[in-house]
Amino acid sequence: AIDGALQSDLKGASTVLELDKANGDLYPTTKENANDGKGLKSSDGTTLDYAYSSGDNSYCLTATKEGRSYYINSEERVPVQGSCPVNKKILAMAFGKSDSYEEINKIIKTNDGGFAVTGTSWQSNKGDIFIAKFSSDKKLSWYKTWGREGSDEGWAIVQTSDNGFTIAGVADDYIHDQGIELKSILIKYDINGNLMWNKTWVDSSTSTGGNIRGLIQLSDNSYILTGWTNYGNRKIINLKFDLNGNFVWNKQWSKTDYDVFSTSITKTNDGGFAITGNAQNWGVDAGALISKYNANGDLVWSKLWKVGTHYYEAGTGDGIVQTTDGSYVITGHYYFGDQGMCIFKLDINGNLIWSRGWSANPGNQAIGTAVINTNDGGYAVTGFNWGYGVDFTAFLSKYTTNGDLSWNKAWQNGNFEANGSDVIQLNNDYIIAGDAGMDYSDNYDAVLIAYSSNGLIDGCPSEYCINPATTNINLDANAIMASNGLDLITPSYTINSPTSTVAATDMKLSSIDAPEPQPPLTVIFSNQELYIAYPGENQNTCKEWTAPDGKKIKGFKPSHETETWSDYFTVYLDGVMIYNMSGNRDDIYIDTSKTPGTTLKACLSTDSSSQWGYGGQVTGVFYN
């Protein structure tokens, strides 16, 4: 009878609500507040509540009587048991499969106003390359994977002159009794993601390719790939293929007694290219390496950027871009006590103009992974830093053309870590691409985080959006001509067209929403009911607590300090594991409102390594 009365109340109200909504009015939700013929005439004992969205002028109405509720919304207007869903603010978008780890390594703008990404999907220690295309309104258009029996990684992508796409990366083949054979790989797709061709490159003298990290398409439609060798003293690899994937040349660059790496590439205004990376003479010298080449791959100049005078201070270049005036801006990291993010600028001839850096707080560390030119003539840098209570946060830093820090933002996925790999500016907004933890396991999804031109995400709560307390500092750095320059090597090579499997995976975008407000804390423990001190080596100690009077537990807050990846604090709800983490966490809110239970069980498991002063506890429980 109650169900019928509630549904009747809502049916009778829906027409009135629809008429009022058409005029953009808000309306009272109880008999007591009704006036001028508006309002909801419900049966005795019924209470009404509503949610209203001014953005699309829509509503949802809930009627409740004697503990039972039904709701309608302005789209369906059919009573449904339950209460109105809570409107959540979308903070970011993610995609991935429940049994795999997806990471984006590169994002580019596309000619149709959208964007495309590439990266790697990991499953059971095997990687497949993926490419995903998004429309201008940030909707997923299509998603494709490319893989073989070994592990394949997608590291760079360009949109080609025919509006298709080309990806560069690495392919690892495990060979029994021989270890890993590494191949450099180039894959061409048409505009719809259909495979056109794929090529691999291997140095014949070593039977291995290179760790490819960068890709550009020159004005003659040829491709330049860059990376480093995987054997002996590391060398920079630059490879050239023509438009159809035919091999043109390979040039390797070495430096006596050094390992040299190339991690990023940019086209230059004169038709050539420039790269950045790192040069290391272990224990003696190191620094960020910047090298300029002409269109034929000949070295024009190379510079070594260093902070201070000691090897351990050094520096590494992870991202490079040429500005409109021909100068170069590089980001990466340096070592000076803590590891800090750096950004520096060289003129067209490689002379240092300025150097900046930051590390948020003592004990925090940061790495810049990519830098872009911005519409206002400045620069934006993304990367990741750690030391905020979770392992990693993705950051976005905005700089002026003179290297002044305009603002700095960081993002974590609630209680889970996030990494920033690359960034674009789409219209005036910024999109960070990377990966983020999605639950209390090793499940990571590819993530896309959109910021406004001012570095804001509307309605973003503090557990997601962070304003790091950073200070922009002038680094005592210099950029000197690399001693002895770089030596050219042109090894013999092997080119193959491997057999691969291309799949159009049914991948769905999911939203990362602003969480619902936490319910009031009903129980605050005295640190005894579910507190477990370090029990010693090779132990698994547990305690249980049951909510009184059969009430349902809607959430809880664990805290712990355990040895990372060795000792774990685990919480079960009615026998189902809800939380299982190691390391340091403090009052993390775990929402179980969708699957409530009555009994919590907290356990601390330890390994054979003795610790001191560690433990874990559930500090609070939410229940109705």
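The values are calculated or read from the model by the stated rules, or taken from the named source; none is laboratory data. What you see is a predicted model; the values in this text were computed from it and never measured. FYI the Cβ positions are ideal-geometry reconstructions off the backbone, even for glycines, and counts take in every protein chain you see.
Numbers at a glance
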| quantity | calculated |
| --- | --- |
| Among (1) of a type outside the set (D, E); (2) out of contact with any Lys or Arg (no Cβ under 6 Å at 6 or more places or on another chain); (3) within 14 Å of G169 (Cα to Cα); (4) assigned by the TED database to the domain that holds I167, the one test that S204 misses | (3) |
| Selected residue (criterion: modelled with the highest pLDDT) from residues of segment 242-277 that are of a type in the set (D, E, K, R) and part of a strand (DSSP E or B) | K267 |
| Top-ranked residue in segment 94-134 [being crowded, with 17+ Cβ neighbours inside 10 Å and of a type in the set (S, T, N, Q); ranked as farthest from M507 (Cα to Cα)] | T110 |
| Counted residues, segment 185-208 - those being over 23 Å from K267 (Cα atoms) and assigned to a loop (DSSP other than H, G, I, E, B) | 7 |
| Test: residue in segment 559-570 that is among the β-branched types (V, I, T) and touching a residue at least 60 places away in the same chain (Cβ under 8 Å) | no |
| Complete set of residues in segment 135-146 that are among the hydroxyl-bearing types (S, T, Y) and either surrounded by fewer than 20 Cβ atoms within 10 Å (Cβ to Cβ) or touching a Pro at 6+ places or on another chain (Cβ under 9 Å) (or both) | S135, S136, S141 |
| Residue match in segment 222-238 (condition: assigned to a strand (DSSP E or B), over 31 Å from the mean Cα position of the chain (by Cα) and surrounded by 18 or more Cβ atoms within 10 Å (Cβ to Cβ)) | no |
| Pick from segment 521-537, criterion exposed (fewer than 15 other Cβ atoms within 10 Å of the Cβ) and hydrophobic (A, V, I, L, M, F, W, C), ranking: modelled with the lowest pLDDT | L521 |
| Residue in segment 84-92 that is surrounded by fewer than 19 Cβ atoms within 10 Å (Cβ to Cβ) and either at pLDDT 80 or above or within 18 Å of Q7 (Cα to Cα) (or both) present | yes |
| Subset of segment 380-392 that is in contact with an Asp or Glu (Cβ under 7 Å, 6 or more places away or on another chain) and more than 20 Å from N105 (Cα to Cα) - its residue that is modelled with the highest pLDDT | V390 |
| Residue within segment 563-581 that is over 22 Å from F416 (Cα atoms) and either more than 34 Å from the chain's Cα centre (by Cα) or not polar (S, T, N, Q) (or both) present | yes |
| Restricting segment 393-422 to residues that are within 19 Å of D458 (Cβ to Cβ) and aliphatic (A, V, I, L, M), the residue that is modelled with the lowest pLDDT | A418 |
| Any pair with Cβ under 6 angstrom, 6 or more apart, that starts in segment 222-239 at a residue that is farther than 11 Å from K251 by Cβ and ends at one that is assigned to a loop (DSSP other than H, G, I, E, B) | S222/D242; W228/R234; T229/K235; Y231/T206 |
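Residues checked against (1) touching a strand residue (DSSP E or B) at 6+ places or on another chain (Cβ under 8 Å); (2) exposed (fewer than 15 other Cβ atoms within 10 Å of the Cβ); (3) not in a strand (DSSP E or B):
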| site | (1), (2), (3) |
| --- | --- |
| W545 | yes, no, no |
| D549 | no, yes, yes |
| H560 | yes, no, no |
| E563 | no, no, yes |
| V571 | yes, no, no |
| M577 | yes, yes, no |
| K594 | no, yes, yes |
| L600 | yes, no, no |
